[in-house]
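The values are calculated or read from the model by the stated rules, or taken from the named source; none is laboratory data. Remember, it's a predicted structure, so these values are computed and weren't measured experimentally. Cβ placement follows ideal geometry from the backbone for every residue including glycine, while neighbour counts extend to all protein chains displayed. The accessibility values were calculated without ligands, DNA or RNA, using every heavy atom of the protein model including side chains. Shrake-Rupley method; radii C 1.70, N 1.55, O 1.52, S 1.80 Å.
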Amino acid sequence: MPTDAPSVLAKGVAQAAPIRPTQPRRRRSPALRKAFPYLLVAPAVAYLLVITLYPGLFAIYQSLFVVKFLTWTWAGADNYTTILQDREFWAALGNTAIIGGISLCLQTAIALTLAYFAYRDPLIRGWRIVYLMPMLFMPSAVAFIWKLAFNDGRVISDLLGRLGLIEGNVDWLGSIWLSRMTLIVADVWQWTPFLFIIFVAALQGQDQEIEEAARLDGASWPKIFWNISLPMMRPVIVVAVTLRGIDITTMFTNVFVMTQGTPGGATETMSYFIYRQGFRMFNFGYASAASVLMLILTIIIAQTVVKRAFHSGKS
Amino acid sequence: MASIHLQNIVKRYGGFVGVQNMSLEIADEEFLVLLGPSGCGKTTTMRMIAGLEVPTDGKIMIGGEVMNDVDARDRDVAMVFQGYALYPNMSIYENIRFPLRMRGVPASEHDARIRQAAEMVELGAYLDRKPAALSGGQRQRAALARAVVRQPQVFLMDEPLSNLDAKLRQSMRVQIKHMQRQLKVTTVYVTHDQIEAMTLADRIVIMNKGAIQQVGTPDEIYSDPANTFVAGFIGSPPMNLIEGTAQGGRFNAPGVSAPCPSNVQGKVTLGIRPEDCRIGGDNVQGLVYGVEPTGDTTYLTVLAGTKKIEVKAARDYRSDIDVSIGITFDPARLYFFGQDGERIRGVA
Ligand SMILES: Nc1ncnc2c1ncn2[C@@H]1O[C@H](COP(=O)(O)OP(=O)(O)O)[C@@H](O)[C@H]1O
Ligand SMILES: [Mg+2]
């Protein structure tokens, strides 16, 4: 083929030639390609190992000893056998379940109800940040606010009195259920917005056509919510409530500030029990054993809940 | 079963007019198709009939009753959405059952009616599945069954076939038409696909920019277009529209010369359909620009001046490009449009 008389086609190719890469193409070795995803997550994994795994393992190790400051005496499973017969441990577990359970149910129900009424309102989107405020406050500050409102400042007693509902001051720490209630109120106040925001986002993310179809099929808004929206947001509810549930089992700040476990240990949660064993009585090994048990229990419950919820959602 | 009247319907979104001053009468049992390019207000019109959108102005009547203030759920219309809008958490059976439950149909009737509706769309074997486990065509049919099962007064369908492939679309089209004839339910069907409109409709409403351009049977729309928009929108390839001047019974444009009625004068547009052009003769003097065989016909594009003219030629017609060619127009099939785009009707 005569190269001195290029055809139109050849000219086009000649013009395109300089665009071709002049360097050799870069290639990744197969080994690097395989390792690449792991390299990407390596920093996060390292962080998690240092932050959670090390203390976790340390706690497990420590739980096998009787620790008096710097002297560690091997105890084997002694801490565990003692704990399982400790009435205070079981009481703390029960208190955590009661206070946490009621609080979790209440905040889920309130958040769902509010989300149902609010999600179609365009204003909600604009003012999301307002609802997050209670979560943005420092937990100890919130706890002190509630301590003031209930106990020291008697704000709530005063308000109820003015409404004519009660006379005089209520001794919030004087009765088991009143005392537990103050913790529940504080937790619900602080964390309902978290669930509310998540539920509203889930509802707003749902396909609007589906709601409209249901509307034309003759469903009222409550029926649409109950039959369609709610089942559709089930995975979101499960995840949010599980996260919240795990968090609630470690409820500490409010107990520490507001009730200190009174009256008679009726508001002593698991975390407070562990704190008391560790930092008041300096039974570090014992406290570690309690926290290991709590960890195992939490993992089992969370696993079961999530697995169940997602499994039956699919079938 | 009911007729639908739209009286001077207007829908504004702020300053933007989605639907302008639309009046339409839809007869009982009629299959009416709203046809127009994307964004012309078809969906908006349909949603106003359904009650999902409130008209800014005007009156909507279904079965002789004013519906403006009647809630969507009380209008007794069923709608098939473009995205099907099946309930993902329910089986197909429960999906079809939902309107029966919500409308308080006695539970004893449910099963028979669900199976009948599913049978009608040939979906009987899939009733236990969730929507996610169905193909596009099956979901489509499930949505149809859900609309059919409660025997509404009016069917509304918003581009129900646009997500399906060409072959499936054809078979679903026939199925929808058959079903509508069988059930005799007034149907409003939205599409931007002219073939769908032509094949399904009793009457077609052509819309553009929120306004009705023409209402008529498919034949009328095709052979008697009211303006250049309709002429250019319908047909595939659409009508050739050639701008030129008419004087003393003759239309002239670069490379084009044709007879015209004496009342056509000045700057006008000539319209001629590709199938009304024949090769040979001298209405067009031009060059062959391209030849596209499709199997059963061959489309020939002729360049006359700067204007490309489409001609439907015999299936075995072949030609090189840039060859001189003459074209004859069927003189009985010439259309003329004024400068405003409106048709100039002959007074003979
Ligand atoms: N909620 C809305 N707000 C503003 N403009 C809208 C809204 N809904 C539709 N429109 C506009 O109205 C016009 C008609 O829309 P639509 O009826 O959906 O068209 P189509 O004929 O494609 O179905 C479009 O230009 C669209 O952008
Ligand atoms: Mg549309």
Tell me which of these B:GLY280 doesn't satisfy, since it passes every other one: (1) assigned to a strand (DSSP E or B); (2) of a type in the set (Gly, Ala, Ser); (3) over 17 Å from B:VAL323 (Cα atoms). (3)
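Pull up the range A:117-163, narrow it to residues that are among the aliphatic types (A, V, I, L, M) and closer than 20 Å to A:LEU203 by Cβ, then point me to the one that is modelled with the highest pLDDT. Before you say what the answer is, go through the steps one by one.
Here is the first cut: in the range A:117-163, the ones among the aliphatic types (A, V, I, L, M) are A:118, A:123-124, A:129-130, A:132-133, A:135-136, A:138, A:141-143, A:145, A:148-149, A:155-156, A:159-160, A:163.
Then drop every residue that is not closer than 20 Å to A:LEU203 by Cβ, which leaves A:118, A:123-124, A:129-130, A:132, A:135.
Values: A:ALA118: 87, A:LEU123: 78, A:ILE124: 74, A:ILE129: 76, A:VAL130: 79, A:LEU132: 79, A:MET135: 80.
My answer is A:ALA118.
Of everything in the range B:302-324, what is of a type in the set (Gly, Ala, Ser) and part of a loop (DSSP other than H, G, I, E, B)? Give them in sequence order.
Taking the range B:302-324 and keeping what is of a type in the set (Gly, Ala, Ser), we get B:304-305, B:313-314, B:319, B:324.
Matches in the range B:302-324: B:GLY305, B:ALA314, B:SER319.
Looking only at the range B:59-73, count how many residues are within 14 Å of chain A (Cβ to nearest Cβ) and among the β-branched types (Val, Ile, Thr).
Step one: list which residues in the range B:59-73 are within 14 Å of chain A (Cβ to nearest Cβ), which gives B:62, B:67, B:70-73.
If we keep only those that are among the β-branched types (Val, Ile, Thr) as well, we get B:62, B:70.
The number of residues fulfilling the criteria is 2.
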Can you tell me which residue within the range B:136-154, out of those that are open to solvent by less than 10 Å² (accessible area, probe 1.4 Å) and either outside any helix (DSSP H, G or I) or among the acidic types (Asp, Glu) (or both), is farthest from ligand 2 (Cβ to nearest atom)? B:VAL149
State whether the residues of the range B:163-185 include one that is within 14 Å of chain A (Cβ to nearest Cβ), under 16 Å from B:GLN138 (Cα atoms) and within 16 Å of ligand 2 (Cβ to nearest atom). yes
Among residues of the range B:1-41, those that are open to solvent by less than 50 Å² (accessible area, probe 1.4 Å) and acidic (Asp, Glu), counted: 1
For a quick check of your reading: which strands (runs of 3 or more DSSP E) sit entirely within the range B:1-96 and have at least 2 residues that are within 16 Å of ligand 1 (Cβ to nearest atom) and over 27 Å from B:ARG141 (Cα atoms)? B:4-13, B:16-26, B:57-62
Restricting the search to the range B:16-65, which residues are within 13 Å of ligand 2 (Cβ to nearest atom) and not hydrophobic (A, V, I, L, M, F, W, C)? B:GLY18, B:GLY36, B:PRO37, B:SER38, B:GLY39, B:GLY41, B:LYS42, B:THR43, B:THR44, B:THR45, B:ARG47, B:GLU53
Among the numbered criteria (1) away from ligand 2 (no atom under 16 Å from the Cβ); (2) assigned by TED's automatic domain parsing to the domain that holds B:PRO99, which single criterion is violated by B:MET157? (1)
I'm trying to understand the selection: among the residues of the range B:75-122, which are within 14 Å of chain A (Cβ to nearest Cβ), without any contact (Cβ under 8 Å) to a residue 60 or more places away in the chain and among the polar types (S, T, N, Q)? B:ASN89, B:SER91, B:ASN95
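Could you please find all residues in the range B:150-161 being under 11 Å from B:GLU196 (Cβ atoms) and within 14 Å of chain A (Cβ to nearest Cβ)?
Within the range B:150-161, the first condition is being under 11 Å from B:GLU196 (Cβ atoms), and the residues that meet it are B:157, B:159-161.
If the condition is that a residue be under 11 Å from B:GLU196 (Cβ atoms) and within 14 Å of chain A (Cβ to nearest Cβ), then B:MET157, B:GLU159, B:PRO160 are the ones that fit.
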Note on B:THR44: of the conditions (1) more than 14 Å from chain A (Cβ to nearest Cβ); (2) open to solvent by less than 40 Å² (accessible area, probe 1.4 Å), unmet is (1)
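Take the residues in the range B:201-238 that are in a helix (DSSP H, G or I) and in contact (Cβ under 8 Å) with a residue 12 or more places away in the chain; name whichever of them is surrounded by the most Cβ atoms within 10 Å (Cβ to Cβ).
B:ILE221
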For the range B:123-133, state whether one or more residues are within 14 Å of chain A (Cβ to nearest Cβ), part of a helix (DSSP H, G or I) and buried (at least 19 other Cβ atoms within 10 Å of the Cβ). yes
Quick one: A:ASP247 ticks every box in (1) more than 13 Å from the chain's Cα centre (by Cα); (2) more than 30 Å from B:LEU52 (Cβ to Cβ) except a single one, so which number is it? (1)
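Check the range A:94-111 and report whether any residue there is in a helix (DSSP H, G or I) and farther than 30 Å from A:TYR131 by Cα. It would help to see each step written out before you state the result.
Narrowing the range A:94-111 to residues in a helix (DSSP H, G or I): A:94-111.
Filter again for farther than 30 Å from A:TYR131 by Cα, leaving A:94.
Checked against the condition, which is being in a helix (DSSP H, G or I) and farther than 30 Å from A:TYR131 by Cα, the range A:94-111 yields at least one hit.
Output the number of residues of the range B:49-74 satisfying the condition of being in contact (Cβ under 8 Å) with a residue 40 or more places away in the chain, open to solvent by less than 10 Å² (accessible area, probe 1.4 Å) and not β-branched (Val, Ile, Thr). Walk me through how you get there before you give the answer.
Going through the range B:49-74, the residues in contact (Cβ under 8 Å) with a residue 40 or more places away in the chain turn out to be B:49-50, B:53, B:55-64.
Applying the additional criterion that residues be open to solvent by less than 10 Å² (accessible area, probe 1.4 Å) yields B:49-50, B:60, B:62.
With the extra rule that they be not β-branched (Val, Ile, Thr), the set shrinks to B:50.
Selection size over the range B:49-74: 1.
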Residue hits (the range B:186-200; of a type in the set (A, V, I, L, M) and either within 16 Å of ligand 2 (Cβ to nearest atom) or without any contact (Cβ under 8 Å) to a residue 12 or more places away in the chain (or both)) are B:VAL188, B:VAL190, B:ALA197
Please state which one of A:LEU178, A:LEU195, A:LEU203, A:LEU183 is in a helix (DSSP H, G or I) and closer than 30 Å to B:ARG75 by Cβ. A:LEU203
Going through the range A:38-74 in order, the residues found to be within 24 Å of A:ARG280 (Cβ to Cβ) and outside any strand (DSSP E or B) are A:PRO55, A:GLY56, A:PHE58, A:ALA59, A:ILE60, A:TYR61, A:GLN62, A:SER63, A:LEU64, A:PHE69, A:LEU70
Among the residues of the range A:209-235, count how many are assigned to a helix (DSSP H, G or I), at the interface with chain B (Cβ under 9 Å from one of its Cβ atoms) and not hydrophobic (A, V, I, L, M, F, W, C). 8
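Take the residues in the range B:169-200 that are within 16 Å of ligand 1 (Cβ to nearest atom) and open to solvent by less than 60 Å² (accessible area, probe 1.4 Å); name whichever of them is farthest from the chain's Cα centre (by Cα). Explain how you work it out, then say what you get.
Let us first name the residues in the range B:169-200 that are within 16 Å of ligand 1 (Cβ to nearest atom), namely B:188-194, B:196-197.
Narrowing the set further to residues that are open to solvent by less than 60 Å² (accessible area, probe 1.4 Å) leaves B:188-191, B:193-194, B:196-197.
On the way: B:VAL188: 11, B:TYR189: 8, B:VAL190: 7, B:THR191: 5, B:ASP193: 6, B:GLN194: 5, B:GLU196: 6, B:ALA197: 4 Å.
Within the range B:169-200, the match that is farthest from the chain's Cα centre (by Cα) is B:VAL188.
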Restricted to the range A:115-167, and to residues that are free of Cβ contacts under 8 Å to residues at least 12 places away in the same chain and among the charged types (D, E, K, R), which residue is nearest to A:MET233 (Cα to Cα)? A:ARG120
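Any residue at all in the range A:241-253 that is of a type outside the set (D, E, K, R), in a helix (DSSP H, G or I) and in contact with a Pro (Cβ under 9 Å, 6 or more places away or on another chain)? Talk me through it step by step, then tell me what you get.
Kept after step one, since they are of a type outside the set (D, E, K, R), are these residues of the range A:241-253: A:241-243, A:245-246, A:248-253.
The next check asks that each one be in a helix (DSSP H, G or I); those that pass are A:241-243, A:245-246, A:248-249, A:253.
Going one step further and asking which of them are in contact with a Pro (Cβ under 9 Å, 6 or more places away or on another chain), we end up with A:253.
Checked against the condition, which is being of a type outside the set (D, E, K, R), in a helix (DSSP H, G or I) and in contact with a Pro (Cβ under 9 Å, 6 or more places away or on another chain), the range A:241-253 yields at least one hit.
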